[in-house]
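A short write-up of the structure that comes next.
A short reminder: the numbers here are calculations on the coordinates, not readings from a lab. These numbers were taken from a predicted model, which means no experiment stands behind them. Cβ placement follows ideal geometry from the backbone for every residue including glycine, while neighbour counts extend to all protein chains displayed.
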Amino acid sequence: MRKARIYDTRQLPAYLSTAQYAELMSIDKKTVQKMCRSGLLPAEKVGPRLWRIDKNAALEQGALDRTNKKPAGAANTDELTG
């Protein structure tokens, strides 16, 4: 049985794991790990492979806000239609 998706960020814990963030954002867990390593996400390394993402800092910088995001390749479609 699948768990229900959480859309209300108030129900999330203060620090998210990479798996939780990946599920929330519908992206791959490896992508989230790369974002943590490069500094794109407000995260701290807790262990050799364990990251904790600060939910509140991610909300402040807009990392969890996907309302204005375009799908992949959407930027190039305007050039084709002329």
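Sorting the segments 22-28, 49-55 by their mean number of nearby beta carbons within 10 angstrom, highest to lowest, gives 49-55, 22-28. Given a Förster distance of 30 Å, report the FRET efficiency between residue 8 and residue 49 from their Cβ-Cβ distance, rounded to the nearest 0.05. Calculated value: 0.55.
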